[in-house]
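S.K.: Sharing a structure, written as structure tokens. Questions coming.
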Amino acid sequence: MAEPIDARTKRNLLILVAAQGFIGAQMPIIFIVAGLAGQSLVSNPCWATLPITCIVVGSMLAASPLSLFMQHFGRRAGFILGAFAGALGATIGAYGLMSASFPLFLLGSLLTGIYMSAQAFYRFAATDTATPSFRPKAISWVMAGGLISAVFGPFLVKVTAQSMMVPFLGCYLAVIGLNIFGMLLFMGLDVPHLPKPEKGTDQGRSRIQMLKDPRIAVAIICATVSYALMNLVMTSTPLAVVGCGFQTADAADVVTAHVLAMYAPAFITGHVIARIGVERVVAIGL
């Protein structure tokens, strides 16, 4: 017999799935258009993908501060902050497009990275009020929300990319709208603050001690390699598609296929790991 889900957990899960699906749609949007927009702002096409680099760097720099912020102020405040940073980044990016300023466009991309970092915490927030037996399913549901973003984000690109006199400006205005919706959506999130460790209790392992653990070190290396390869391929894909004579809409379709392939296996990955082990699954993925 399935374990009943309490109302708070169910509401939080719905909010986080909606956030992953609709607010998270901004990431496919930006991955499609940032390189193309960057190319239009610089004379040397080698710098066209620098906005994507800024997003990734911003995400990495924000991860630890965001985690500490959520520990002190809660998940809701952290997610609202992430959506605010996403809206601010898109606003600066839009102004950079209108003023043909590549440095401003890069600054907006850096702030977008803060949203990207906050989005990575959605799946963990789904487990905060869930029972231990329901936590794997909660994570799977949030990850499944990415299937919505895989379709919705590229759809918005097709609708907005050439909707204004400045190319891709409409995409960034759409991203601003998504983040404003996100700030309102997260007002309904009800996740308790993370408990702070009491003085005198076991504080767990330090970061240095964890890095000396071979399993953790290998996991970090594998994640770094796989994420680097993904960025290597996807930052240049829209430029390559358009450079081959296709339209931005065609690049959007390619990114849709990519994001669908990212999130669709979430339904079975847990079962596969349980059967053959996490090490084999990581090796297959690489």
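The numbers here are math on the coordinates, done by the rules we state, and not lab data. Owing to the predicted nature of the structure, the values given are computational and were not obtained by experimental measurement. Every residue, glycine as well, gets a Cβ built from its backbone with ideal geometry; the counts of neighbours run over all protein chains shown.
S.K.: Please give the Cα centre distance for the stretch 257-286 versus the stretch 1-72, rounded to the nearest Å.
M.R.: Between the Cα centres of the stretch 257-286 and the stretch 1-72 lies a distance of 21 Å.
S.K.: Continuing with the same structure: Using the Cα centre of the chain as the reference point, and only Cβ charges (+1 on K/R, -1 on D/E), how large is the resulting charge dipole? Debye, rounded to the nearest 20.
M.R.: About 560 debye.
S.K.: Another question about this same structure. What are the semi-axes of the equivalent ellipsoid of the stretch 214-256, taken as the square roots of 5 times the eigenvalues of the Cα gyration tensor, listed largest first and rounded to whole Å?
M.R.: Numbers: eigenvalues 202, 15, 3 Å².
The answer is 32, 9, 4 Å, longest axis first.
S.K.: Using Cβ counts within 10 Å as a stand-in for footprinting exposure, how do Ser101, Ser109, Ser59, Ser43 rank, fewest first?
M.R.: Going from sparsest to densest Cβ surroundings: Ser43, Ser101, Ser59, Ser109.
S.K.: Collect residues whose amide H, placed 1.01 Å from N in the peptide plane, falls under 5 Å from the amide H of Ser163; neighbours closer than 5 in sequence don't count.
M.R.: Excluding prolines and chain starts, which carry no amide H, the hits are Phe168, Gly170.
S.K.: Here's another thing I want to ask about it. Two decimals is fine: what's Rg over Rh for the chain, C-alpha atoms, Kirkwood radius as Rh?
M.R.: Over the Cα atoms of the chain, Rg/Rh equals 0.98.
S.K.: Sticking with this one: In the calculated pair distance distribution of the stretch 1-155, what percentage of Cα-Cα distances lie above 19 Å? Walk me through the numbers before you get to the answer.
M.R.: Details: 6742 of 11935 pairs.
Value for the stretch 1-155 (Cα pairs over 19 Å): 56 percent.
S.K.: Please rank Arg76, Arg11, Arg280, fewest neighbouring Cβ atoms within 10 Å first, as an exposure proxy.
M.R.: Listing Arg76, Arg11, Arg280 from fewest to most nearby Cβ atoms yields Arg280, Arg11, Arg76.
S.K.: Sticking with this one: Rounded to the nearest 0.05, what FRET efficiency do Leu211 and Val166 have when you use their Cβ-Cβ distance and R0 = 35 Å?
M.R.: Using R0 = 35 Å, I get an efficiency of 0.15.
S.K.: Once you have all Cα-Cα distances for the stretch 107-171, histogram them in 10 Å bins from zero and send the whole-percent values.
M.R.: Pairs per bin, as whole percents: 18, 31, 31, 15, 5, 0.
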